[in-house]
Amino acid sequence: MIDESISQLGLAFFGLTSNLAPQYRAGVFKQIHEIVFHGNGGYDWYTVYNMPLWLRKFTFNEIKNYHEKQNDKVKNQDKDPNQKNLINSDGTVNTPEFLNASKDYKGKTSYK
């Protein structure tokens, strides 16, 4: 006799298996956290948790793309050869540039 309740996949239901569920659950909570944290106060946890999946994925991808573009702008700004920084990338003071920038402030200052 063939058991009618078991599908061809070997499961009697459609859903996550018990060994994969914690990974997917952690992924969902991480995605919700990223939207709430990087949404700059525009979303609360309850609202994001109850969003339709397509909207939550869209929102997550838009925030991710925005931050990637911002990071690219910062990286490209650092590569600009015409820009002069007073502090090097390792955090030390760029002495020649600092001296050039401070030439205007060689006079007497007064504090009252």
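Throughout, read-outs are computed from the coordinates displayed, never taken from laboratory work. Just so we're clear, the structure is a prediction, and the values are computed from it rather than from any experiment. Quick reminder, even Gly has a Cβ in these numbers, built from the backbone with ideal geometry, and neighbours come from all protein chains shown.
Things to note:
- Between Asn50 and Leu20, the C-beta separation translates, for a Förster distance of 22 Å, into a calculated FRET efficiency of about 0.40.
- Taking other residues whose beta carbon is less than 14 angstrom from the beta carbon of Lys30, and scoring Lys, Arg as +1 and Asp, Glu as -1, yields +3.
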